[in-house]
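Note sheet for the following structure.
The values are calculated or read from the model by the stated rules, or taken from the named source; none is laboratory data. This is a predicted model, so every value here is computed, not measured. Virtual Cβ from ideal backbone geometry, glycine too; neighbours counted across all protein chains shown.
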Amino acid sequence: MKKQRSSKLQRIEALQGFLFILPWVIGFLAFAAGPVIASLCISFCKWDILTPAEFVGFGNYAKMMEDPLIAKSLVNTLYYAVFHIPLAMCGALGTALLLNQKLKGMRVFRTLFYVPSVTAGVATFLLWTWIFNPELGLLNRALRHEVPWIDFANGLAIKWVPFIANPPKWLADPQWAMPALIIMALWGVGGGMIIYLAGLQGIPEELYEAAEIDGANSIQKFRRVTIPMLSPTIFFNLIMSIIGSFQVFGAAFIMTGGGPMNATLFYVLYLFQNAFMYFRMGYASAMAWLLFLIIMTLTLIQFKLAPKWVHYQ
Amino acid sequence: MRKLLTYIIILIVAVPLVRWVFQPKIRPEYDEKGRVIIEWYNYATPEFLELYEKYLIPEFERTHPNIKIRLNSSMGDTGYDAKLLTLIAGKIAPDIIHITQQNFPFYASKGLLMDLNPAIEKDPEFNIDDYFGQVVDGLRYQGELLGLPSDFSAICLVYNKKLFDEAKVPYPDETWDWNKFLWAARKLTKDTDGDGATDQFGFASVNSYNRWPAWVWANGGEVLSADAKKCLMDDPKAIEGLKFYINLSLKEHVAPTSTQNLGQDYEQMFMAQRAAMIADSRYAYKLFSKGLEFPWDVAHMPKGPAGRATTFIWGGNCILKSTKHPKEAWEFLKFVSGYEGALLNVKAGNAFPAYKKVAMSDQVLKSPISPPSDHVFIEAIEYGRQAPFPPQYTEFNQAMRNFEGAWLGYSSVEDACKAFTDAVNAAISGEVW
């Protein structure tokens, strides 16, 4: 078939289409693509906004190799990611399974579990800062609560002892600051839970009936029917979790400012400090591009591994 | 017809848009009456803005009819630096900026501020001795005078008379040295409700660079060498001085640690009567004048082993080098730091004006919000010093994070000081990145 030259009408319609999306394209170029390219250029310079930029080639990247805080912040971010991703996914899947049953009041519970992930922001960080306060916070007061115990020294009488007499100092203790943030993040499993619920409700009942006829018990049904049918949803949540947990910033910025002795110095927080507290724009841009490479690599690995375990209908 | 309409609409929208995008953004230099516009960027919160617009600016424009002042404010402390940097990067920088001892080192070390010495030499009616010398020294940097102070205060001891009476401790006086201070603080630290947690502390300390150097100096140590080329915090006397200050909360338990303060800062603890003494400035009077339920007074800081020392905190104004009208900017700078500006400061209840004549007047010393021993602040000027900083200010600031471990008790003060000294010396001698 001969390829026609587009008629005048087609060209005009193409032009109109382009004009319609022009506002978004301008916005995208000006506020997204443009700054990204600028950031790449700045990462090869030294710039502190007040004095003109100075080209240093790969100097910023070289300095990043020697900076102990880069390593520390990457380790912190990995620590958080390694614990948060499995816990959050299991938590979200678990609550979704529990709330997928046809009992009364399920809607209320689903809402209650989802509300925390909607109310994210500085207010919740301040709330959790108070919960984690070592002296007066809810958590430590609950841990110090008296529980009955047997007094072996006094003829097996009942005595009341605190459950944990010396609970950790949470955000004030370098060892416990990161676990505290991980615990806090689990409050937001509602977001993943909603997605899993949608996935679960898309699994046809016939598969479960067929499995029961073949004599499968609950665990086998879960392993052989639920998980494979849910695997696209799990895959999506996994990618989003990985990308999200590498970009944690708000919690550390508001609650600990980098943590007692850099214990909660996340990579993005360190990037922010370099850019807006120390005004090393070039260095911060280089850090941003390194983060991009890391996340991109992890995502590509996930996509490469996907065909092995993700079953699309 | 529809096509024509479409193109007309596109034209109506696109042409102004393109014009707006490509129009160079310059600040207007002259207003409609032909006066030079000087832009003044400051921290002013709405109440100060009102004062400036009602008193200061009309008075200045009356006496200088060829200059118009335009106010630009960041409405408070946070966001001040960000907004100023954005203005500078966008090439619409203001002419005069209001700075404090906190951010002056940053702008000074970046070479943004105009040296005032030439203007002072050429101006016959301006006398630098009208200002307190020790405060002006804080604005000197590498031989240049980069601004004029407008208000300042030394740090002195503020104490709660009622708590002192209850504990039967005599009020602080000239004879107080560190031992007596510690003894008094111990007697004033109590667990009033018997639950095992201290409810009342003798002292509430502040972990800030405008406070702790005083304790180093009082012990005979120094933070930086006089030429700012070497950090001297690894000297035993400096370490001992800082150690005494940090141990107030960690070892002696007469001051709260970061968790014991239960979210209140030192001034709030003082006002809630949870701390009997704090080291504060005259800027706090405004806060205290809102009503303290107890009698209070001020006193000199206790004498350290090497004598008395305290730090200054101050606010002032500087002219940016990028200004297009330095002469007019200088006129306004003289005005805002001089007599009229000082009067306004007093009216606003803002610490001490740096202009001597107004500072020593009754209006200031016997103002309604002054405690009985207000003269202590004037006397403190004699032994007060400015906390020093090297040109590599960003790295210097970053190195202070080494003290965090010492304040929390996770690393010894010696290790923290050594790490700080190494970091600062490396920054001073090595390349400034």
Open item on the list: Return the residues of segment A:63-90 that are more than 14 Å from chain B (Cβ to nearest Cβ) and either in contact with a Pro (Cβ under 6 Å, 6 or more places away or on another chain) or surrounded by 15 or more Cβ atoms within 10 Å (Cβ to Cβ) (or both); say none if nothing qualifies.
Closed with: A:Leu74, A:Asn76, A:Thr77, A:Tyr79, A:Tyr80, A:Ala81, A:Phe83, A:His84, A:Ile85, A:Leu87, A:Ala88, A:Met89
Open item on the list: Among the residues that make up segment A:289-306, is at least one of them surrounded by 14 or more Cβ atoms within 10 Å (Cβ to Cβ), more than 14 Å from chain B (Cβ to nearest Cβ) and within 25 Å of A:Leu207 (Cβ to Cβ)?
Closed with: yes
Task: Unmet requirement for B:Glu252, which otherwise passes all of (1) more than 14 Å from every other protein chain (Cβ to nearest Cβ); (2) out of contact with any Phe, Trp or Tyr (no Cβ under 6 Å at 6 or more places or on another chain); (3) under 17 Å from B:Cys417 (Cβ atoms) - done: (3)
Open item on the list: I'd like to verify a number: residues in segment B:84-110 that are over 24 Å from B:Leu56 (Cα atoms), touching a Leu at 6+ places or on another chain (Cβ under 8 Å) and either assigned to a loop (DSSP other than H, G, I, E, B) or more than 14 Å from chain A (Cβ to nearest Cβ) (or both), how many?
Closed with: 1
Task: Residue among A:Asn60, A:Asn100 that alone is within 13 Å of chain B (Cβ to nearest Cβ) and in contact (Cβ under 8 Å) with a residue 24 or more places away in the chain - done: A:Asn60
Task: Considering residues of segment B:391-405 that are more than 10 Å from chain A (Cβ to nearest Cβ), at pLDDT 85 or above and buried (at least 21 other Cβ atoms within 10 Å of the Cβ) only, the residue nearest to B:Ser225 (Cα to Cα) - done: B:Phe396
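Table: residues versus (1) surrounded by 18 or more Cβ atoms within 10 Å (Cβ to Cβ); (2) among the β-branched types (Val, Ile, Thr).
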{"position": "B:Ala14", "(1), (2)": "no, no"}
{"position": "B:Arg19", "(1), (2)": "no, no"}
{"position": "B:Tyr52", "(1), (2)": "yes, no"}
{"position": "B:Ile67", "(1), (2)": "yes, yes"}
{"position": "B:Gly79", "(1), (2)": "no, no"}
{"position": "B:Ile97", "(1), (2)": "yes, yes"}
{"position": "B:Ala119", "(1), (2)": "yes, no"}
TODO: Kindly establish whether B:Asp81 is within 14 Å of chain A (Cβ to nearest Cβ) and part of a helix (DSSP H, G or I).
DONE: yes
Task: A:Ala33 being closer than 30 Å to A:Tyr283 by Cα and assigned to a helix (DSSP H, G or I) - done: yes
Open item on the list: Quick check on this structure: which one of B:Ser109, B:Ser150 is of a type in the set (S, T, N, Q) and modelled with pLDDT of 85 or more?
Closed with: B:Ser150
Open item on the list: For segment B:323-331, check the following and say yes or no: at least one residue is closer than 14 Å to B:Met233 by Cβ and either at pLDDT 85 or above or away from chain A (no Cβ under 14 Å) (or both).
Closed with: no
- [ ] Provide a single number: the residues in segment A:134-162 that are under 23 Å from A:Met255 (Cβ atoms), touching a residue at least 12 places away in the same chain (Cβ under 8 Å) and within 14 Å of chain B (Cβ to nearest Cβ).
- [x] 5
Open item on the list: Six or more apart or on different chains, Cβ atoms under 6 Å: show the pairs whose first residue is in segment A:255-267 and more than 8 Å from chain B (Cβ to nearest Cβ) and whose second is assigned to a helix (DSSP H, G or I) and among the aromatic types (Phe, Trp, Tyr).
Closed with: A:Met255/A:Phe125
